[in-house]
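All of the numbers you see were taken from the coordinates with simple rules; none came from a lab. On a predicted model such as this, the values are computed, not experimentally measured, just so you know. No Cβ is skipped: glycine too gets one built from the backbone with ideal geometry, and neighbour counts run over all protein chains shown.
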Amino acid sequence: MRVYVDEHVCAGHARCNAVAGELFELDDIGFALPIDREIAPAKAGAAQMAANACPEGAITVEENL
Amino acid sequence: MTVNHRAARQEVGDQVANPDAVPLRARFDHATDPQLLAGSFDGWTALRGESRAFRSDLAGTYDLWYLLGYDDIRTALQDYELFSSRSVQYLGDSPSRMLPEELDPPEHAKYRRLLNEPLAPNAVRVREPQIRAHCVSLIKDIAARGECDFLADFAQKFPTVVFMDLMGLPVEKTREFIDRAQVVLHETGESDPDFARRGAAAMQIIGDIAAAAEAHKAEPRDDIINRLLTSAIDDRPLSDEELYQLGFLLYLAGLDTVANVLTYSFGYLATHPDLRATLTNSPELIPGAVEEFLRFFSIATTVRVVTRDAEFAGCPMKAGDRIVLPTASAARDETQFTESGVFRPDRMPNRHLAFGAGPHRCPGSHLARLELRIALEEWHRIIPDYEITDDAGIREHVGPVAGLTALPLRWPPAHPA
């Protein structure tokens, strides 16, 4: 699974970190660190919950093609 | 009120009124609309049930477009190029530009970053012990009485004291500060038509901030005013005017908002004993309940200025028009929140827009969440059972922020301080 955080869309709500802090870390002012990486399928559920928690829609979770 | 479909704008060459066109609600004003004042959250839902958006001609020289759906409101808040924050008033303009609220990117970021750091999640978290201590102290003052006006005696005081502490303002002046904020935020075009009272209250607030800034220059302390005094913009210090304007916005933003969400929430808890018992017995559920209270009672209605002619949300907008974005309407949108009228403390997902979206997302959101959580935790530890004494005198007000006018509560007085 690929998880992508778009730093241009992130507005610093910090909900991703509240829901799945092990996958989504914040910088000094509470904005999500921009990530674009693989995660284990077992973590897909948590990643999707975080994506669903983001009011901006800044997080994408998708199957690898 | 009249819903006049035929008065909606017609495309060139269109001879027949478009039945899907955006309705006009003549002279609609969300601050005075009787249906909203009778129950604002249900009122927005009723409006949303009739149309995706509607037009008001209240402003006269430009149209006001009320957008009611979650998707439209969120997209509008994110599209700062089409929808500018250069004014966030739906009638006229602020007497002096609110910084950073009434700036757009890229200039917005220069001022916004001054607020991000002191209000960041980590910075807020380290203040939790002081915030909790303030909260417990206020509750203990009230507990032995067996009754209170929750709004005046707790909901306004708690975030005010916390915020004044954060801002380095004199905590002994709490009541005066609350009263002045009420004038600025709650006088309307009807009660204060030439803006005289709001202007005077605003000047007093700025005077308070100026006095605190002077005191800080003599004796620096670790708070937001100190950070503002020692900050740079474009390699120069903030001017006095910039400092006062930033302080003014922070002042208003921190006082009324948390107070109103607290009051709505405790009003709800007072009439829902099962939920109250659940939160008292299982405080680990409180963070989820905080998100649901924020959704259920999204109080802010913000405004943007249309920068160019465009069709958006089915509305034929012209440059200079303004859009009105009631987050209360987004919050109950069924397309986003299943059974939106049902309060579920464990609701997931819950990506409400209580704190807005886009570059102007409320910078105080982390502090607000912490205050709400602490209030819910500490109040129920000391006063787990309470009821509304008499709801006959409780009114609602709507405007930039919605709220109740009072919340008289009483409880068995066997809770020693």
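Observations on the structure shown:
- In the range B:327-417, the ratio of gyration radius to Kirkwood radius, Rg to Rh, stands at 1.01 when only Cα atoms are counted.
- Proximity of backbone amide H atoms, modeled 1.01 Å from N, is registered between A:L26 and A:L33 at under 5 Å, excluding neighbours fewer than 5 places apart on the same chain.
- Normalised convex hull volume, the range B:233-365, alpha-carbon set, Å³ per residue: 161 Å³
- At most 13 other Cβ within 10 Å, DSSP loop - GluC sites (Glu not before Pro), the range B:187-226: B:E190
- Rg/Rg_ref, the range B:313-354, where Rg_ref = 2.2 N^0.38 Å and atoms are Cα: 1.53
- If you model the protein assembly as shown as an ellipsoid using its alpha carbon gyration tensor, with each semi-axis the square root of five times an eigenvalue, the axes come out at 33, 28, 27 Å, biggest first.
- Residue-by-residue Karplus 3J(HN,Hα) for the range B:284-291, coefficients 6.51, -1.76, 1.60, Hz, glycine and proline x: 5, 7, 4, x, x, 5, 4, 4
- Here the Kirkwood formula puts the hydrodynamic radius of the range B:139-289 at 17.6 Å, using every distinct Cα pair.
- Rg over Rh for the range B:54-198 works out to 1.03, both radii taken from alpha-carbon positions and Rh defined as the Kirkwood radius.
- Sorting B:Y268, B:Y80, B:Y386 by the number of Cβ atoms found within 10 Å of their own Cβ, with the fewest placed first, yields B:Y268, B:Y80, B:Y386.
- Descending semi-axes in Å of chain A, equivalent ellipsoid built from Cα gyration tensor: 18, 12, 10
- Among the trypsin sites (Lys or Arg not before Pro) within the range B:308-417, those in coil by DSSP and having at most 15 neighbouring Cβ atoms inside 10 Å are B:R308, B:K318, B:R395.
- The string of couplings for the range B:365-374 from the Karplus curve (6.51, -1.76, 1.60, θ = phi - 60°) is 4, 5, 5, 4, 4, 5, 4, 4, 5, 5 Hz, one whole number per residue in order, with x for Gly and Pro.
- Average partner coverage of B:355-361, which counts Cβ from other chains inside 10 Å: 4
- For the range B:308-368, the list of GluC sites (Glu not before Pro) that fall in a loop by DSSP and count at most 12 other C-beta atoms within 10 angstrom reads B:E339.
- Normalised radius of gyration (Cα atoms, divided by 2.2 N^0.38 Å) for chain B: 1.00.
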